1. About its Cα centre, what dipole magnitude does the range 1-69 give when the only charges are +1 on Lys and Arg Cβ and -1 on Asp and Glu Cβ, stated in debye to the nearest 20?
2. What part of the accessible area of the range 338-448, given as a whole %, is carbon or sulfur when the probe is 1.4 angstrom?
3. Using 0.36 nm per residue, how much length does the chain from residue 173 to residue 132 gain when fully extended, once their Cα-Cα distance is taken away?
4. Under a crude label model (7 Å from the Cα following the beta-carbon direction), how far is residue 20 from residue 360 in nanometres?
5. In the range 97-204, carbon and sulfur make up what percent of the accessible area (probe 1.4 Å)?
6. Let me have the relative contact order for the range 97-204, percent, based on Cα pairs under 8 Å that are six or more residues apart.
7. Take the Cα radius of gyration of the range 1-69 and divide it by 2.2 N^0.38 Å, with N its residue count; two decimals is plenty.
8. Taking only protein heavy atoms and a 1.4 Å probe, what accessible area per residue, in Å², does the range 1-69 have with all protein chains in place?
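The values are calculated or read from the model by the stated rules, or taken from the named source; none is laboratory data. Being a predicted model, the structure only gives us computed values, none of them experimental. Cβ placement follows ideal geometry from the backbone for every residue including glycine, while neighbour counts extend to all protein chains displayed. We work out accessible area using only protein heavy atoms, side chains counted, and drop any ligands, DNA or RNA first. Shrake-Rupley method; radii C 1.70, N 1.55, O 1.52, S 1.80 Å.
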Amino acid sequence: VFSPLQKQEVCGNLTLQHHMLEPVQRIPRYELLLKDYLKKLPEESPDRKDAEKSLELISTAANHSNAAIRKMEKMHKLLEVYERLGGEEDIVNPANELIKEGHIQKLSAKNGTAQDRYLFLFNSMVLYCVPKLRLIGQKFSVREKMDIAGLQVQEIAKQNVAHTFSITGKKRSLELQARTEEEKREWIHVIQATIEKHKQNSETFRAFNSSFSQEEEHLPDSSIANTSSVESMPGADGGGALGGSDSSRKSSKSKRDKEKQSCKSCSESFNSITKRRHHCKQCGAVICAKCSEFKPLADNSRHNRVCKECFLHLPASPCSPGVEAVGEQKKRLAAEKQSILAAENSLFSSYLQFFEKGKTWYKMWVTIPKSEPLVLYLQGSSQDGRSPRPIPLPGYEVSLPGSGEKFDVKHVFKLCQSHQTLYFSAEDEELQMKWMEVLTKAAKGETEDTAEGLSNP
């Protein structure tokens, strides 16, 4: 039975699904066409260089397309397993990969009887499941989740029971029976290969993490040099102000801490992706980001990472001025920003009425600094201590309001970009036209001509 779409002559009796495959199939077709073209193209042909470059580009596109398809198929498999497990296990993760699944027999430790079970082998875990009887599709409940890390698999010999092997994890050991000898060897081989691959990946991450930490430790850090340069040097002699014995003890303690693989506070293991390792700049303890705070320095704008214990108990010092010094620093930075936005340091500036959807009109100091000729700054007229609002102008369109946009104020113009529209109202038409001219040039990225002929009103 043909659908109305298939009946059309232009469709060639093909279904909608067939037509949707065409964009995907077109890329490998171009690749094959270019390969055949290059085979028949003479070496001295002037088109050969361009044809080879085209083949390289289309091959790259084909590889990306295939990788995306494989990723989609992999996620589809995970979703299917997720549904078969009743949605209880959180396995739909791009990092997970289903390697093997199948029925298995579990040998009872009490009487040696065989019980029906099911195994799902992933790249990072084994799910030991119990089948559930369902009218539509077979479902499973997870009886045991075993991490690949630390897992062991080996063949075992039992009297009167063939095709047996065992899986031993950190918390539990299972004696399993396959249906055939070939099936048993396949399970052992696949599980062992998964364990070995997981070990290699773990060693790679550990080596990367170690090298990254060493690079981080060798970076110049004035905060470390100011507070603990003597005690951190392995060759510091006993004539220093801190004393040689104290210095050596602190150095050895720091080395021991660096060798630790878990956080001092929460005891969770480190890894190079989700839980990075840091060092307290006061006591040298190894900590994670979650268990650390920052102490600002007085001599520069950097911050020292310290553990929460040091943050709470150490008194404020010249190296750690505390909250008051931070407040003073913020005030100083705000004052510097205000001087940058002053009229004498601006390409163009004036007071304008400002309006944004969902808000009301209010008076703002609007300026384009000489130091940043493509950024518009908005500052409230009241001295509320808030930082000016920056608006990068490239990409915005400058225009007058549309016929359907009615306002109570006069001399309105607007900045539009994507879903954002900002409205401004000038005191007179001359100032309105001048602002529109300046903003139009800045929105196009024209920095050289923006200042020509401008004078602050």
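1. 180 debye
2. Working: 3030 of 6190 Å².
So the carbon and sulfur contribution to the accessible surface is 49 percent.
3. Extra length from residue 173 to residue 132 when fully extended: 12.5 nm.
4. Those two pseudo-labels are separated by 5.2 nm.
5. 45 percent
6. Details: 196 pairs, mean separation 22.6, N = 108.
The normalised contact order for the range 97-204 reaches 21 percent.
7. On the way: Rg = 17.0 Å, N = 69, 2.2 N^0.38 = 11.0 Å.
After normalising by residue count via 2.2 N^0.38 Å, the value is 1.54.
8. Working: 5680 Å² over 69 residues.
Value returned for the range 1-69: 82 Å² of accessible area per residue.
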